[in-house]
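The values are calculated or read from the model by the stated rules, or taken from the named source; none is laboratory data. What you see is a predicted model; the values in this text were computed from it and never measured. Note that we place each Cβ from the backbone using ideal geometry, even for glycine, and neighbour counts take in every protein chain shown.
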């Protein structure tokens with residue numbers, strides 16, 4: 001049965017420009033594709049040029065609009081440059097998804113300072129730097145939606161992930177602060193917090209811990225909904241916050257974890 005036309009209109013992102021960081025693979029790519037399928041122009045931001053261009057091509061093959069831009073979100077200069085390029089070409093930014101992140105599965109003794117810095121610079125500072133450049137443009141049009149990607153570890157600690165837990169805990173509370181600061185400009189800021197999602201990042205975690213990925217997935221799937229999540233599970237939650245389905249929602253978070261934090 002087709003969607004009612006009013007509901008279709010609420011989900012329609014036609015004419016909107018959506019910027020997604022860390023969009024070359026995994027969750028970010030699924031978000032970029034889902035938003036493009038809803039009509040948005042998806043701007044694929046990533047530090048990996050080859051994978052970024054591949055993601056752009058894949059999204060376009062499904063008739064979605066996608067454009068790759070190289071960006072290291074931990075660099076203030078690169079964030080400023082890429083936002084200027086996007087505004088110059090597309091004139092506005094309506095949706096920002098801060099998704100880029102890295103993880104080192106180590107405790108505070110094993111982790112070295114460089115790894116701590118990289119985790120926080122990409123996963124927390126990167127949210128601040130990219131938002132800092134985008135918010136003035138959203139403010140000038142008096143509307144916008146920012147979706148920060150947190151984690152189940154935004155709410156609780158996890159083993160051998162001290163820097164990641166620090167970053168994702170910060171992302172959640174920064175979301176609340178940004179929502180308070182920019183609500184008067186009609187900019188909504190929300191946070192999607194995934195649990196274990198079957199992505200290259202999760203496979204990397206298994207490798208870092210010296211575990212078989214198949215066995216790791218089985219263990220990760222031990223939750224109320226009895227499976228590991230997919231990138232598309234997260235992308236659908238992002239669509240809710242990006243669209244007019246959530247016009248009076250800001251400063252909120254949504255756990256997409258199969259009940260793992262229930």
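Worth a mention:
- Considering 170, 260, the condition of being surrounded by 16 or more Cβ atoms within 10 Å (Cβ to Cβ), part of a loop (DSSP other than H, G, I, E, B) and either over 15 Å from the mean Cα position of the chain (by Cα) or assigned by TED's automatic domain parsing to the domain that holds residue 24 (or both) is satisfied by 260 alone.
- For region 158-167, the tally of residues that are more than 15 Å from the chain's Cα centre (by Cα) and in contact (Cβ under 8 Å) with a residue 24 or more places away in the chain stands at 6.
- Some residue of region 140-159 being part of a helix (DSSP H, G or I), more than 13 Å from residue 256 (Cα to Cα) and in the same structural domain as residue 109 (by TED's automatic domain parsing): yes
- Scanning region 214-240 for residues that are without any contact (Cβ under 8 Å) to a residue 24 or more places away in the chain and surrounded by fewer than 15 Cβ atoms within 10 Å (Cβ to Cβ) gives 214, 215, 218, 219, 222.
- Helices (runs of 4 or more DSSP H) contained in region 1-116 and holding at least 2 residues in contact with a strand residue (DSSP E or B) (Cβ under 6 Å, 6 or more places away or on another chain) and either at pLDDT 95 or above or surrounded by 24 or more Cβ atoms within 10 Å (Cβ to Cβ) (or both): 26-37, 49-61, 76-90
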